[in-house]
Each structure stands twice: as structure tokens, then as C-alpha cells.
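What follows is calculated from the coordinates using simple rules that are stated; it is not laboratory data. Note that the structure is a prediction, hence the values are computed from the model and not measured. Note that each Cβ is placed from the backbone with ideal geometry, even for glycine, and that neighbours are counted across all protein chains shown.
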Amino acid sequence: MELASVVPWGRNLAEYQAMFNLSAADLQKTILGCGDGPASFNGEMAQQGRRVISVDPIYAFSAHQIQQRVEGVYDTVIAQVKAQSKRFVWRNFADADDLGRARWQTMTAFLDDYDRGKADGRYQAQSLPVLDFSDQEFELCLCSHLLFLYSEKLSAAFHWASLRELLRVAAEVRVFPLLTLAGDRSPHLDPLLSKLHGAGHRARIHTVDYEFQRGGNEMLVITGGA
Ligand SMILES: C[S@@+](CC[C@H](N)C(=O)[O-])C[C@H]1O[C@@H](n2cnc3c(N)ncnc32)[C@H](O)[C@@H]1O
């Protein structure tokens, strides 16, 4: 995996709580964060005495390398947001620069925690669609801004294999958002819902109190063994 092919862009605990409608009881569960990248969710949970395991291929790299990549994509991402600002809901951020400051703060918090968390096994370099965990090792898996968002790059087969793997290792899987980068409903969503139901899973779409991509306020919740 090449770090240059990844856009590491991270969200914080409050955003994870909103995106995934996490209750106090949810936060007590054994949690796997899949594709957590430079999010500060894991580190903030650790500060509260909770142990989250995060997997992401970028965890094969050093803090310095990840920081360089974040710095490398920063101006481009902010410029893209500015150019397409009508596609976003400016409720939690005043404008693209305010968003950039918030993301930078999150990524700094992640980097501050990274070496400690890696030594502690909280950040593991692993990639979908195959994970090195036992069956049902986690009560809850959260997957933010990876599946569905990158539908143009990641095939339907990759999505199906990834969801099956996440359901192998976790009793419940929540995925957010259900839109592509262009802001459209993912073309993989409806066929995957049919396949999940056909395989005996319960798969429901829930509205959540988080919307940055316009129309992106839904998460997929999947439970039940096949
Ligand atoms: C846009 S970031 C989202 C980070 C975090 N989940 C958040 O919402 O703040 C997408 C992340 O997915 C990771 N990723 C890419 N391919 C992956 C794979 N096959 N398995 C797991 N993570 C992957 C990237 O390295 C990147 O850190």
C-alpha cells in the first residue's frame, strides 16, 4: 500500500458519536474502528479509560510519515471543499478554513497518541477485506468514510467481502456515510442490502444527527449472523 494513494483526514470522538448515534452503553462495548486513519476517536476513548482497536493500512507508517502525508493533502482538500462548498452543510463549521482547523486539531491529537497507541496494540496495520481477528471478537464495529464513500474506487465485490468480514469479527457493524464522494447515494447500497437480507442479516438505515455532505445523514446498521 502506498501512503501517497490515501487521503488521511480524521474526525473526533464527538463526530463519531454523532455519525454513529453512539449511546453511553455503545461506548462501553468492545469496539473495532475500521479505517480510522488519523481520527482522534481511539485516543480520546483511551483518555476516558476505554480501549478501542483501530485498523488502517496507514498504521504501517510512522507518525512522521503520516503527518507529512496529511500536510501534503491539506491544501488540496480544503481547496476542493471551497470549490464545492454548496455540497456541504455549514452547521458545525463556519467555512472551509474552520473545517481545516478542526481537522488539523483532530489529526494532531491522533499523532500525539499514535506511538503510545501503536505500542499498546490499539492501532494495527490491517486492511479490508481480510482482518486478523477471531470470529465475533468485537461487539461493535464502526466504519466511517471508507465503504460507500469510495464507491468509484472500491468495487461491489470489495464492499461485499468487507462487510462479510466485519460481520465475522463483530456482532454489529455500523457504516457512515452512505454517499459517494460526489454526494450521490452509493450504487452499491441497494444491491448490498438485498444480499445482506438474503444471507440472513438484519440491515437497516438510520438517520443520524450529523450531516456535512448534503444529504449524508444516514448510517447503515447490520446485525445478525448468516
Ligand atoms: C477518509 S479516511 C477516514 C478516517 C476516519 N474513519 C474518519 O472518518 O475520520 C479513510 C481511511 O480509510 C483507510 N483505508 C483505505 N483502504 C482501506 C482498507 N482496505 N481497509 C481499511 N482501511 C482502509 C485509509 O487509509 C484512510 O485512513
Exercise. Taking amide hydrogens as modeled 1.01 Å from N in the peptide plane, which residues meet the under 5 Å criterion relative to Tyr123, leaving out close sequence neighbours?
Worked result: Ser54, Lys118
Exercise. Rounded to the nearest 5, what is the percent of antiparallel bridges among the DSSP beta bridges in the chain?
Worked result: 45 percent
Seminar exercise, completed: From the Cα centre of the stretch 205-226 to that of the stretch 119-136, the distance in Å is 23 Å
Exercise. Taking the Cα centre of the stretch 3-223 as origin and charging only Cβ (+1 Lys, Arg; -1 Asp, Glu), how large is the dipole, in debye to the nearest 20?
Worked result: 380 debye
Problem set entry | Charge context of Val169, other residues only, Cβ under 13 angstrom, K/R +1, D/E -1 | -4
Exercise. How much of the calculated P(r) for the stretch 99-226 lies past 19 Å, in percent of all Cα pairs?
Worked result: 55 percent
Seminar exercise, completed: Summing +1 per Lys or Arg and -1 per Asp or Glu among the other residues with Cβ less than 10 Å from Ile58's Cβ gives -1
Seminar exercise, completed: Label model pair Arg202, Gln47: point-to-point distance (7 angstrom along the Cα→beta-carbon line) in nm is 3.5 nm
Exercise. Which value results when the Cα radius of gyration for the chain is divided by 2.2 N^0.38 Å?
Worked result: 0.96
Exercise. Taking 0.36 nm per residue of separation and subtracting the Cα-Cα distance, what length does fully extending Thr76 through Gln105 add?
Worked result: 8.7 nm
Problem set entry | Spin-label pair Asp135/Asp97, simplified geometry with 7 Å Cα→Cβ offset, distance in nm | 5.6 nm
Exercise. What relative contact order, as a whole-number percentage, does the chain give when Cα pairs under 8 Å and 6 or more residues apart are counted?
Worked result: 23 percent
Exercise. Residues with beta-carbon under 14 Å from that of Leu179, excluding Leu179: net charge, scoring Lys, Arg +1 and Asp, Glu -1?
Worked result: -2
